[in-house]
Every structure is written in C-alpha cells, then in structure tokens.
Amino acid sequence: MAKKAAQPKRPAAAAKRPPSKKQPSGNSSKAQPPADSIAAEFDEEIASYDLGRSIARAESRGGLDQTLLEQLQRHVVNLTAGKYSTDGHIQTDSQSVAAIFNDHIPAWRQQRVAAGFGDEPLRIVLYAHGGLTSEKNGLLNAFKQLGWWKANGIYPIWFVWETGFLESVWQTFQGSTREVRALEAPRGWTDVTDRIWESVARRLGPKLLWSGMKRSAQLSFAAGGGGRDFAGQLAQFCQAWSASPLELHAAIHSAGSIFFAHGLPYMLDNGVPNIRGLHLMAPAIRNDLFRRRLLDRMNNGIDWTTIYTMRRNLELDDSVGPYGKSLLYLIHYALEDDRETPILGLEESLRRDTAIATKFGLRGTSNQAGDVLWSKTPRDTDRNSTRATSHGDFDNDPTTLNSIVLRIKGLSNQSEIVPYVEPSSRAFHSLEAAADRVFLREPFMGDVVMASQQYGFNYYGSGDANRSGPSGGRKALCIGIDTYPESPLAG
C-alpha cells in the first residue's frame, strides 16, 4: 500500500520568472480568457500532480467520471487494429486529433506563456504504453500522470494501441499454478517449470496475441492507419509552429517500442523535423527490428536515445504470474518464432549485438548517440537514475520518470523540476473506482477469440473460429509425482 507523500514544492524559478513578451499563438484562432484567469487556472494545474487534490476538486465540480473522460480526450489517441477506435468511452477520429493540435495544445501553451514560461520551448512527449496493462489501467495511469507532465511544462499525448496482453498471459497461466510459485524452489527447479509455461505460451493464446499485437503496430502506420493520419497532422502542426521553439520527445514502455519502431521512421520521413529524445523503458522489441527501423536514425533524426532496463539478475528474479522470469524472457524464449530471439531490453541481448552495443557505448567506446541506464542505479543520481525492480514498474518508477523529465528539459538535478510522487492509496482507490465505472473490460476469452478473428488466426486450431468451442463430453487423466527428493509437492 502506497504511503501518502508530502506535496512537493513548486520550483522557485516558476514563481519568479517574468512573463515573456513573445507569445506564440500557434494555429488557434479562438478567443482566449483574460491572462489573470489563465494564470489562476495554471496555478491550479501546477498542483494537480497531487492526485488527491485533483480528485477532490473533480468531485466538488460534479463528478470524477466526467473529468476523467474530458481530460483524457485531450491527450489520448486510441487505436484498435491500427485504426482509430470509435467504440467505447475514449473515441478517436481525425477530428479529435485535430482538436489536440488546433485547440488543446495552443490553449495550454497560452497558459504557460501567461504564467511566465514563454521563454521555454513548447515540449510535447509522445507516449506509447506496453502490453502489460489493460486498457482501463493504461488510461488510469495516463490520468494519474497528466498533471505532473504538464506541471513540468511538457504536453503528453498517449497512444492506447493494444492492451491487456500480459493480463491475458496471466489468466492463461493462472488456473493451476499458484502452488508452483509458492514452492520458492531453487532456480534450477524454476527453470524446469518455466519451460512448461513457455510451451503453454507458444501453443495457446499468448503467442497468438503477441503476434496480433505486433501486427497492430505495423498496421497503425500503414495506408489507412490511424497512426499515419496522426503523423500527417503532427507534421502540419510542426510546420505551423516552425517560427517558435518546439521540441518533440518520445517515452516508450515495453511493447510500445514495437509501435514506435514503425511510427517514428514514418514521421521523420513525412515532415516531422526531428525527435529530440527517445526514452525506451524495458523495450520488448527484437534486436533485428530495432536495427532495421531505428538504429540508423540515432543521431540522424533522433538526437539522443536512452534505454532504461534491468540488470540480468533482476530480470531473472522478476515473474509473470507463475512464470519465474520477466516478461522479456518470456518473449525471448516463447513468444517469437525462434526460441532465444534477442530482445533489446535484455542485458545479454544488448551486449552481444555489436552494432547496437557500439551505438550505446557498451564496447569501451564513448557513447555515439545514446546510453543505457541499468536498474538499480545508486540513489540520488537524478538524470541518470532508474530503480525499477520489475518489468511493469518502469512507467511508475519515480526515479525513472524524473530522469526522463530532466533529460527532456536538459537539466541535471531533481530540485529543478516538479518531482513525480506516487499517489496516496486513498486517492488511487477513488480514481480506480471511477475508472471501473467508466471503462468496462470484456472477459479474457473474449480477448483471445476476438484477436483470432481480428488478425486472421484460428484460435481453435481448425474449423470455424466463430464457434464456441469443441462439442461432446471429454475426460482428462493427469498423472504426476509428488515425492521429488528436493522439492516435494503438496495438495
């Protein structure tokens, strides 16, 4: 249970900085409220990274549910199978993306200018989540961090593109495996059981969903894809703001690296000038795909790339439900076509790949275009910090998030930013309850079957993928041994 943290102080520089004389107007022609009103609203937003205060304010104004939806609509691009998602509560189409660029960002920029930050560049971060989270939790995490990003002068845009993969893996494994994890057996025994779960993952839903997830990333930036439309509008926005300082950054977790491996090259080839910083948290992309799509873009369209990932011992100590290693190892051993496929976020994969290791300064040479931060770093290393101890922690780890913001802003010390703090358990539970009311999840098997239809796979192996399942009575006989000499089973 998270402890309620003391509210961080607003950086002193923010209170003393005089208003800038130059106020870029962007491409919005709408009348704006008076400057004193804007400044007051901005002061309120500065404090909104305190989630408890945000929730209390939202509830006093008529309900958290509507606030959650309205805020997310200004920052979320929702995609399904590569196309804009027009179902559910967070809907995206070309017009809603245009509103982000033509209305929401310019209005927020004017708030920044009126509050005395006009000499700062307009900073936008493109954020792609991993597959570890459900749609509800992905959107909840976005809402949880909104005020913090904006309090630091960065406008976040989240891509919600495919969700629930790890949730589905966990449910596939869950039924009869809690006792296995409870054994706390030596690593050798865990490796034996992990081979069983790798086989399960290969033969059942997880590998199918992983393949569909990668296909969805590719479709997003193919002809007719929502990502391609977004990229075109982003390029137009960059052109409209070319007379004013503008910085684009990307923050990516896990499988989001696959999404942007297709997205960033398309953007750079179609009018987006450059990406100032690429921040990869525990990237789940194959080494060969990274080499083909992004390696040559480092220092050639992408100014600097940072990888945040765990040392090998922490990856081995992590788990995915009953699987006794991290998600990246499950992908490495089971979810790609070839067993032991090199995955960028694994330490051994990074170090063994000569081209990649050289680019990131891992071969005894100076860093050419990027660096790697290995968790856990020593405390108080500020812009060079990451202390996540499991794959799913990176996008909530305060040291990692603060490091990303420091690097985006070109700063060195945490005292120069509004630091990220995890919300109190009470605030988080209030927000989670609102998310439960707003975002409804389909049953797990629905995810698997819909994915099989969506991506052209047959989950059942043969015949009609629409059928409910095999018919007729079936029986199974399970034979096992309980009295292993070192790790006897019980139950």
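Full extension from residue 94 to residue 107: what is 0.36 nm times the residue separation minus their Cα-Cα distance, to one decimal in nm?
Answer, rounded to one decimal: 2.8 nm.
Stretch residue 269-residue 300 to full length: gain in nm at 0.36 nm per residue minus the Cα-Cα span?
10.0 nm
For residue 354, what is the net charge nearby, where nearby means another residue's Cβ is under 11 Å from its Cβ and Lys, Arg count +1, Asp, Glu -1?
Net of charged neighbours comes to +4.
Order of 158, 304 from fewest to most other C-beta atoms within 10 Å? Write down the numbers at each step before the final one.
On the way: 158 26, 304 17.
Ascending number of Cβ neighbours within 10 Å: 304, 158.
For residue 317 and residue 236 in the same chain, what is the full-extension length gain: residue separation times 0.36 nm, less their Cα-Cα distance, in nm?
My answer for the length gained is 24.6 nm.
Amide H neighbours of residue 305 under 5 Å, counting only residues 5+ apart in sequence or on other chains, H built in-plane at 1.01 Å?
So residue 305 has HN proximity to 278, 370, 371.
Through the Karplus equation 6.51 cos²θ - 1.76 cosθ + 1.60, θ set to phi - 60°, convert the phi angles of the range 393-406 into ³J(HN,Hα) values in whole Hz; use x for Gly and Pro.
7, 4, 7, 10, 6, x, 5, 5, 5, 5, 4, 4, 5, 4
Net charge near residue 388: determine it from the other residues with C-beta under 15 Å of the C-beta of residue 388, scoring Lys and Arg +1 and Asp and Glu -1.
Residues near residue 388 contribute -3 overall.
Could you compute how fast the range 362-419 diffuses translationally, taking Rh as the Kirkwood radius over C-alpha pairs and applying Stokes-Einstein at 25 °C with viscosity 0.890 mPa s? Give it in µm² per second.
Estimated via Stokes-Einstein, D reaches 203 µm²/s.
Calculate the spin-label point distance for residue 191 paired with residue 223, positioning each point 7 Å from the Cα along the beta-carbon direction, and give it in nanometres.
Result: 5.0 nm between the two label points.
Give the residue list of trypsin sites (Lys or Arg not before Pro) in the range 330-401 that are DSSP loop and have at most 12 other beta-carbon atoms within 10 angstrom.
Those satisfying the criteria are 339, 363, 379.
Starting from the Cα of residue 371, step 7 Å toward the Cβ, then list every residue of the range 303-344 with an amide N under 18 Å from that point.
303-311
Points 7 angstrom from Cα along the Cβ direction at residue 292 and residue 396: gap in nanometres?
Here the modelled spin labels are 3.5 nm apart.
In whole Hz and in residue order, list the ³J(HN,Hα) couplings for the range 276-291 that follow from phi through the Karplus curve 6.51 cos²θ - 1.76 cosθ + 1.60, θ = phi - 60°; x for Gly and Pro.
Result, ordered by residue: 5, x, 10, 10, 9, 9, 6, x, 9, 7, 5, 4, 5, 5, 4, 4 Hz.
Read the figures in this text as sums done on the coordinates, not as results from a lab. Here the structure is a predicted model, which means the values were calculated and not measured. For neighbour counting, all protein chains shown are included, and Cβ atoms are generated from backbone atoms with ideal geometry for every residue, glycine included.
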